[in-house]
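Worksheet: the structure to be examined is printed underneath.
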Amino acid sequence: MTRSQTVSKSSLAQARYIIGENVVTFGAFLLFFVFVLFALFGNAIAPYDPVASNAAVALSSPTANHWFGTDDLGRDVLSRVLVATRLDLGIAVVAVALSFALGSILGTCSGYFGGWCDRIISRVIDTLMAFPLFILAMGLVAALGNTVENIIYATAVINLPLYTRVVRAEILVRRDAGYVEAARLAGNGHLRIMAAHLFPNVLPVMMVHISLNMGWAILNAAGLSFIGLGVRPPTPEWGIMVAEGATYIISGEWWLAIFPGAVLMLAVFCFNLLGDGLRDLIDPRMRT
């Protein structure tokens, strides 16, 4: 058996052990899988066209034909919730990927080199953190325009300080470790030491933050849409649906806001629980 096959078998066994021993982690991964299916195949699964209106069934309560009821234009709420999964998860994934990539680079350089590099990066991050993050996102979207791309950029910017500061702190602890000194003596350059020796040891710590950030990114996108600065109607999006349904709660049409809000809550809850499981799966120390 080759070394790669041994590592793969060990990783698979570790994953089975962690998921089997922790029912909550298993449930979180299962829920995540369901959301991924909805994101990939939501249009095919949706029983109705999510933007097609039908005045004859407007504001119908949940029935066998419309499990989540219909909105004020007669659109099927379940279909809109399913289709909106791709947009909301897509915004969160791209925004978190951008902030993670840039924040990891800045944090690694800041912690490893120190000096003027650390001072410049730290002051920029401190400036960003001086603003209330959601207010900063509102300002960016309002200035740039409420498009999906600008929502992604704004969400990435407000998440950037977290990754930069966490990676910087972890690199500061490890940059003088024995294995780093050994890598220097072996002739490795700065870039290889940062990429191959330091950052892989920081990655398990970052998994928790990535998972939590996914939930925050979804909430941020939904919050911007809720106040009218996010995705524009009639595009299905959880925040828009909650905002549109909120005006009907008093009159008794509770399903318009409750079901999209419940799905939004489940998505955030799922990513909050995934962090610990991902950390255990990736951390090499858990495979001993």
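Tabulated data
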{"read-out": "Criterion (open to solvent by less than 20 Å² (accessible area, probe 1.4 Å) and within 14 Å of Ser104 (Cα to Cα)) met by exactly one of Leu198, Leu224", "value": "Leu198"}
{"read-out": "Residues of segment 185-195 that turn out to be surrounded by 11 or more Cβ atoms within 10 Å (Cβ to Cβ) and either at pLDDT below 85 or part of a loop (DSSP other than H, G, I, E, B) (or both), as a count", "value": "3"}
{"read-out": "Residue in segment 128-148 that is polar (S, T, N, Q), free of Cβ contacts under 8 Å to residues at least 12 places away in the same chain, outside any loop (DSSP other than H, G, I, E, B) and open to solvent by 20 Å² or more (accessible area, probe 1.4 Å) present", "value": "no"}
{"read-out": "Residues located in segment 34-68, provided they are surrounded by 17 or more Cβ atoms within 10 Å (Cβ to Cβ) and closer than 18 Å to Glu237 by Cβ", "value": "Phe35, Phe38, Ala39, Gly42, Ala46, Tyr48, Pro50, Phe68"}
{"read-out": "Residue in segment 37-50 that is closer than 16 Å to Met241 by Cβ and in contact with a Gly (Cβ under 6 Å, 6 or more places away or on another chain) present", "value": "no"}
{"read-out": "Candidate set from segment 114-123 (those that are out of contact with any Cys (no Cβ under 8 Å at 6 or more places or on another chain) and surrounded by 14 or more Cβ atoms within 10 Å (Cβ to Cβ)); member that is farthest from Ile158 (Cα to Cα)", "value": "Gly114"}
{"read-out": "Residue match in segment 103-111 (condition: closer than 30 Å to Thr25 by Cα, part of a helix (DSSP H, G or I), among the aliphatic types (A, V, I, L, M) and in contact (Cβ under 8 Å) with a residue 60 or more places away in the chain)", "value": "no"}
{"read-out": "Yes/no for Gly111 being surrounded by fewer than 13 Cβ atoms within 10 Å (Cβ to Cβ) and over 30 Å from Pro233 (Cβ atoms)", "value": "no"}
{"read-out": "So Ser211, is it closer than 30 Å to Ser53 by Cβ and either at pLDDT below 90 or not in a helix (DSSP H, G or I) (or both)", "value": "no"}
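The values are calculated or read from the model by the stated rules, or taken from the named source; none is laboratory data. A quick note: this is a predicted structure, and the numbers were derived from the prediction, not measured. Glycine also receives a Cβ, built like all others from the backbone with ideal geometry; neighbour counts cover every protein chain displayed. What goes into the accessible areas is simple: the full protein's heavy atoms, side chains included, and nothing from ligands, DNA or RNA. Shrake-Rupley method; radii C 1.70, N 1.55, O 1.52, S 1.80 Å.
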